[in-house]
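Below is the structure I would like to discuss, written out as structure tokens.
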Amino acid sequence: MAIDTDELDREKRQAGLVSMLWIGGVAAIFGWQAIYYRGLIERAAEWQYRVIGHYYPGLTFLALCLVFSLPLLAVLLILRRRWRGKGLEGQDPGAAAVDASRRLQLLWMLVAILIGGSAAASLLYGALLPGDGGAPYVVDVAKGGTARVHEGAAIVRGVVDLDAVSRFEERALLVHRRLNIAPVRMGEQDNTPARFFVEVRETPHLATPFVAVTRGVLRRNSLPGEVRRLYQSIRYPVDRTTWLLYRDAGRLRWRPYMVAAQLAVVALAFALAAWLEGRRKRRLMQRLGTAASV
């Protein structure tokens with residue numbers, strides 16, 4: 001026995017609400033991971049660095065959202081077949097085509113809004129990161145004066161281990177940057193896990209190729225995971241809590257701004273898909289109107 005149209009519409013509305021909540025939740029989780037460089041996003045990014053030498057935040061975000069939305073898509077396909085099996089769809093092919101086009105347009109719009117929101121959140125997060133203004137805070141690693149450390153403008157004093165400089169490269173769209181990072185120790189014989197790291201400038205024209213940056217912006221737990229794993233692979237001790245001194249605020253904010261830019265490109269692509277589907281829907285409605293008037 002076929003259920004009535006009102007019951008069918010109610011099931012579709014419920015399915016649509018669940019779909020929006022599911023997609024919104026997945027996008028929020030992976031958006032947070034992309035902004036803070038955590039979880040599956042971090043692991044996927046480091047895999048990309050190892051295999052292809054590049055990290056694509058927008059495509060990574062989209063791929064993970066798609067994978068974790070597969071159960072939802074499977075349920076929606078089952079429901080669609082169930083409705084078709086009861087003869088509740090396709091009675092008016094033209095109206096069904098317009099309705100399907102409308103739902104697809106809404107889906108693309110929802111995805112564009114969610115990804116665009118993640119891009120805006122990443123941009124805002126970068127803007128709220130510590131700046132390099134104000135009097136710098138002095139962290140004297142050599143004398144063990146690291147009990148109280150806060151983020152922001154800082155001067156780091158200590159023995160910079162230039163024999164343990166690591167290189168980390170990041171690419172975004174047509175932009176590229178390289179980070180040279182070195183640990184700061186209490187002394188040459190210090191074997192405790194390194195907590196503080198500083199950026200290092202390359203000076204290939206000098207006898208000493210590296211010059212440590214001792215004044216900049218200090219940020220907690222911003223040491224790239226790939227760098228941490230590099231030190232672990234050579235059995236160089238690294239503390240669970242790390243501090244990295246960037247040259248300036250722009251260097252610190254580069255990654256969230258890069259993530260925001262790539263997510264924005266993906267959001268624009270889905271917004272364009274929604275606009276094109278809207279044009280297609282209007283053409284279908286015009287055809288139906290013309291056919292009805294004949």
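Looking only at the range 218-245, how many residues end up being out of contact with any strand residue (DSSP E or B) (no Cβ under 7 Å at 6 or more places or on another chain) and in a loop (DSSP other than H, G, I, E, B)?
Matching residues across the range 218-245 total 3.
Suppose the filter is aliphatic (A, V, I, L, M) and without any contact (Cβ under 8 Å) to a residue 60 or more places away in the chain; does residue 111 pass it? Even if it seems obvious, please write down each step before you answer.
Details: aliphatic (A, V, I, L, M): yes; without any contact (Cβ under 8 Å) to a residue 60 or more places away in the chain: no.
No: the conditions fail for residue 111.
Only one residue in 70, 128, 114, 79 is modelled with pLDDT under 80 and of a type outside the set (Val, Ile, Thr). Which one? Quick ask: steps written out before the conclusion?
Working: 70 fails: modelled with pLDDT under 80; 128 fails: modelled with pLDDT under 80; 114 fails: modelled with pLDDT under 80.
From the options 70, 128, 114, 79, the qualifying one is 79.
The values are calculated or read from the model by the stated rules, or taken from the named source; none is laboratory data. Note that this is a predicted model, so its numbers are computed, not measured. Please note: Cβ atoms are built from the backbone with ideal geometry, for glycine as well, and neighbour counts cover all protein chains shown.
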